[in-house]
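Structure record follows, encoded as C-alpha cells.
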Amino acid sequence: MFQNFIQNYNIIKDRVMKNKTKLISLLLILCLMTAILLTSCDGEDASTISSELSNIDYAQSVKLDLNSKETLKFEAKVKLFVDGDTTHFYVDKRILESGVLKARYIAINTPESTGKIEEYGKAASNYTKEALSKATSIYLESDDGKLNADSTGDRYLVWVWYKTAENEEYRNLNIEILQNGLAIASSSANNKYGTVCVDAINQAKANKLNVHSGVKDPDFYYGEAVELTLKELRCNIEDYNGVKVAFTGIITKNESSSVYMEAYDAETDMYYGISVYYGYNLSGDGLEIMSVGNESRIVGTVTYYEAGGTYQVSGVSYRMMNPKDPNNIQKISSDNKPAYVPTTAEKFTNGKVEITTDDEKKSFDYAGLALNTSISMENLKVKSIYTTTSEESSSKGAMTLTCECDGIEVDVRTTVLTDDDGKIITAEAYEGKTINVKGIVDYFSGSYQIKVLSAKDITILN
C-alpha cells in the first residue's frame, strides 16, 4: 500500500512540474507581448494606434442648416488671422457697421501664439490658417439668434463653418480643432453643439493628440535664450521665429502694452529696432523696467504678428523674488533718448542697405532694416488726410497724413492725438500744412510709414 502511495505521488509530481513549465512559458509569452504593446504605444505611435480604435469625424457629423431661424448665420471672408481661435472676417455691414467682425471661436481655447507663447500654439494657429485659406465658402454662426460679444467686448463668439469645394458639405472648424487635439475645453458642453464637442475632446484625449499627447511640441523652443544684438535679430528675423532671444536696447516709445526698442551699430552706422509686447504679465518693478528712456535687457520669444504683418518679441517676464534670474528682463540704465535719425523722403522710400553677415552679402530696404526705430523727417507737405471714423474701432480719430517731399510720397500715421487741454486734434489742424515729424518706422498694408504717437512730435511750419 505504501509503495502504491509513493508511485501515485511521483506521477502527480511529474504532471505538476510539466504544467508548471507550460504555465511559466505562457506567462513569459504574455509578458513579452505586453512589453511590445506598451513600447508601440509610447510617444508618437500612441496616437496612431488610438486613432485606429477611435476616429470619428465629429466636424462632419454636425450639419449647417442655412434655413433654420434658430441661430444667426451669415457669409464671411477672412481679413486676417490672429491665432488658432481668433480670426478677423469681412462681413456684410448689415451684420456690423464696420464691416469687420473679430471672431472668437465658441467652445475652444487654443494655446497662445501671439503675446504669450505656449506649446502647440503655433500648430493651432497654422491649422486654422491652412483650413480657411483653402475655403471656397465660409459661414459664421452664433449660438442663438443674435451676435454675442466675449468678455473683451471687442470680439464676437461664433461657430466657423467652411468648405473647400462647392460639392462638399460645410465642416465645423471649432469642432475640427477640438478633435485634432489643438485646443482645450472652453465651456464646450454649454452650447448648441455641446455633446459633440465633448465627444471630440474625449476622442482627442484617447488618441493622445497634440496638447493631450504628453509629447514635446516640435515647433516650440525649449532651449535657453539666444544672446544676440538687435542688428543680428533684424537682419535675420525669420531665422529666429519662435526662438527665445535676449538683447539690449533703448526703450523709445510705449503704446498699447508694447514698447519700441532700438540699439546703435557702429559698423553700419545704423539703428536697429523691434517691438516688444509685454501684455498684462508685468507689474511693479517689471513695469518700471519697460519705461521709456531705459536701456533694458529683454528676454522673450520672437513671434510673427499677423495683425500687423511684422515680427515682434513677446512672452517677457519678471520674477520679483529672484531678480537675478537670467530669464528676467533687466534695467541697465535710464534717462536715454530716442535717436530720431534725420531721414530724407528719398532714403525712406527708395533707400537700399547692403549688410554682410557670415560672409554673405544681403540687400535690404532701408525702411525695412530701420523698422521700429525712431526717425525724423522735415518739410513734408500734407496733401490729404484720412481719419478713422468707425464707432467700433479703438483707433477712431486716428489719422493718416499723405505727404509729399521733393516729389516723393510718404504716409504719416498718427494715434488719436490730443492737445494740451485733452481735446482730440482733427484733420483741420494739418490740412495743407508743411510739417516736420518725429516718429517710429512702421509697416502697414504692404508699405512703410512713419508712426507718430504724440502731437508734440509734429511741428507745423506754415
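The values are calculated or read from the model by the stated rules, or taken from the named source; none is laboratory data. Remember, predicted model here, so these are calculated numbers, not experimental data. As a convention, Cβ positions derive from the backbone with ideal geometry for all residues, glycine included, and neighbour counts pool all protein chains shown. For the accessible areas, the whole protein counts, side chains as well, though only heavy atoms, and no ligand, DNA or RNA atoms are used. Shrake-Rupley method; radii C 1.70, N 1.55, O 1.52, S 1.80 Å.
Normalised radius of gyration (Cα atoms, divided by 2.2 N^0.38 Å) for segment 139-182: 1.35.
Amide H to amide H distances under 5 Å link PHE74 with LEU140, where only residues 5 or more positions off or on other chains count and H is placed in the peptide plane. Surface composition of segment 119-166: carbon and sulfur atoms hold 45% of the protein heavy-atom accessible area at a 1.4 Å probe. Mean projected area of the Cα convex hull of segment 268-340, taken over all directions, amounts to 6.2 nm².
The share of accessible area on segment 278-408 that comes from carbon and sulfur is 45 percent, using a 1.4 angstrom probe. Ignoring ligands, DNA and RNA, what percent of the accessible area of segment 175-229 is carbon or sulfur (1.4 Å)? The nonpolar share, carbon plus sulfur, comes to 50 percent. Go through (1) 0.97; (2) 1.09; (3) 1.16 and flag the label whose value is the computed Rg/Rh (Cα atoms, Kirkwood Rh) for this structure. Computed from these coordinates, Rg/Rh (Cα atoms, Kirkwood Rh) corresponds to label (3).
Label-to-label distance, SER61 versus ARG319, with points set 7 angstrom from Cα along the beta-carbon direction: 4.4 nm. Taking every protein chain into account, the accessible area of the chain amounts to 54 square angstrom per residue (probe 1.4 Å). The calculated Kirkwood hydrodynamic radius for segment 141-219 is 14.1 Å, given to one decimal from all distinct C-alpha pairs.
The string of couplings for segment 217-227 from the Karplus curve (6.51, -1.76, 1.60, θ = phi - 60°) is 6, x, 9, 9, 8, 9, x, 6, 5, 7, 7 Hz, one whole number per residue in order, with x for Gly and Pro. Pairs of alpha carbons in segment 70-110 separated by more than 11 Å make up 65% of all such pairs.
Derived scalar couplings between HN and Hα for segment 184-191 equal 9, 5, 9, 6, 5, 7, 9, 7 Hz in order, rounded to whole Hz, by the Karplus curve 6.51 cos²θ - 1.76 cosθ + 1.60 (θ = phi - 60°), x for Gly and Pro. Normalised Debye scattering of segment 339-411 at q = 0.13, 0.14, 0.15, 0.18 Å⁻¹ gives log10 I(q)/I(0) of -0.54, -0.61, -0.67, -0.84, counting only Cα atoms as equal scatterers and leaving out solvent. Kirkwood's formula applied to the C-alpha pairs of segment 72-178 gives a hydrodynamic radius of 13.9 angstrom. Amide H contacts under 5 Å for LYS163: THR136, SER137, ARG171, restricted to partners 5 or more places along the chain or on a different chain, H placed in the peptide plane at 1.01 Å from N. In order along segment 141-146, phi translates into HN-Hα couplings of 9, 7, 7, 8, x, 9 Hz, rounded to whole numbers, per the Karplus curve 6.51 cos²θ - 1.76 cosθ + 1.60 with θ = phi - 60° and x for Gly and Pro. When only alpha carbons are used to place a centre, segment 370-447 and segment 342-356 end up 20 Å from one another.
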